[in-house]
Amino acid sequence: MLKPGTKAPDFQLPDQNGKLHSLEDYRGRKLILYFYPKDNTAGCTKQACGFSERYPQFLEKGAAVVGISKDTVASHKKFEEKNNLAFPILADPELKAIQVYDVWHEKRMAGRTYMGVVRTTYLIDEEGMILKANDKVKAASDPETMLGALE
């Protein structure tokens, strides 16, 4: 996980509609950039729907929300449509942003060890500096926590 006070690395990734997004696109406003393991899983769906429900409140506070996972553009499109998501989710199957944001780590579940995305949320300021970083994210409460971080 990258630490607060460091410059957020740039990225260029397609969203669920194939439109490219970069960190530079969000300069001048705060950005909630969250990394999640997989589309259409229970925790990831709760987290995405929570951000989507609160999206107008994030916009009122001058912040954008962007999710990133290693799923494909096609998977993201289905995830967006199924859950009526209000914000971009970026496809990173080659792990470019996932690795530079240091969220690709060894994980363990049911006695099995594997590499995967550690659910992590960053709050990035208007100039591209990381203000807050959390890799102990509780999926269901993350949107509310990040809304509070904007106060």
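The values are calculated or read from the model by the stated rules, or taken from the named source; none is laboratory data. As the structure is a computational prediction, the values presented were derived from the model and not from experiment. Neighbour counts are summed over all protein chains in view; Cβ atoms, including those assigned to glycine, are modelled from backbone coordinates with ideal geometry.
General observations
- Residue in region 106-118 that is out of contact with any Leu (no Cβ under 6 Å at 6 or more places or on another chain), touching a residue at least 12 places away in the same chain (Cβ under 8 Å), crowded, with 18+ Cβ neighbours inside 10 Å and of a type outside the set (Val, Ile, Thr) present: no
- Filter pass, Asp135 being surrounded by fewer than 18 Cβ atoms within 10 Å (Cβ to Cβ), acidic (Asp, Glu) and closer than 23 Å to Lys7 by Cβ: yes
- Applying a threshold of 6 Å to beta carbon distances and a minimum spacing of six or more residues, or different chains, the list of pairs starting in region 120-140 at a residue that is assigned to a loop (DSSP other than H, G, I, E, B) and ending at one that is among the β-branched types (Val, Ile, Thr) reads Asp135/Val118; Asp135/Thr120; Val137/Thr121.
- Only one of the numbered conditions (1) part of a strand (DSSP E or B); (2) under 15 Å from Leu31 (Cβ atoms) is violated by Leu147, and that is (1).
- The set of residues in region 43-76 that are without any contact (Cβ under 8 Å) to a residue 60 or more places away in the chain, touching a Lys or Arg at 6+ places or on another chain (Cβ under 8 Å) and polar (S, T, N, Q) contains only Ser69.
- Within region 58-100, the only residue that satisfies the criterion of being of a type in the set (S, T, N, Q), touching a Ser or Thr at 6+ places or on another chain (Cβ under 8 Å) and surrounded by 14 or more Cβ atoms within 10 Å (Cβ to Cβ) is Asn83.
- Matching residues, region 52-76, being closer than 22 Å to Val118 by Cα and not aliphatic (A, V, I, L, M): Ser52, Gly67, Ser69, Lys70, Asp71, Thr72, Ser75, His76
- Test: Asp25 is free of Cβ contacts under 8 Å to residues at least 12 places away in the same chain, surrounded by 13 or more Cβ atoms within 10 Å (Cβ to Cβ) and outside any strand (DSSP E or B): yes
- Given (1) under 14 Å from Tyr36 (Cα atoms); (2) modelled with pLDDT of 95 or more; (3) in contact with a strand residue (DSSP E or B) (Cβ under 9 Å, 6 or more places away or on another chain), number of the condition Gln99 does not satisfy: (3)
One line per residue, one yes/no per condition, for (1) among the basic types (Lys, Arg); (2) touching a His at 6+ places or on another chain (Cβ under 9 Å):
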| residue | (1), (2) |
| --- | --- |
| Ala48 | no, no |
| Ser52 | no, no |
| Gln57 | no, no |
| Lys61 | yes, no |
| Ala91 | no, yes |
| Glu94 | no, no |
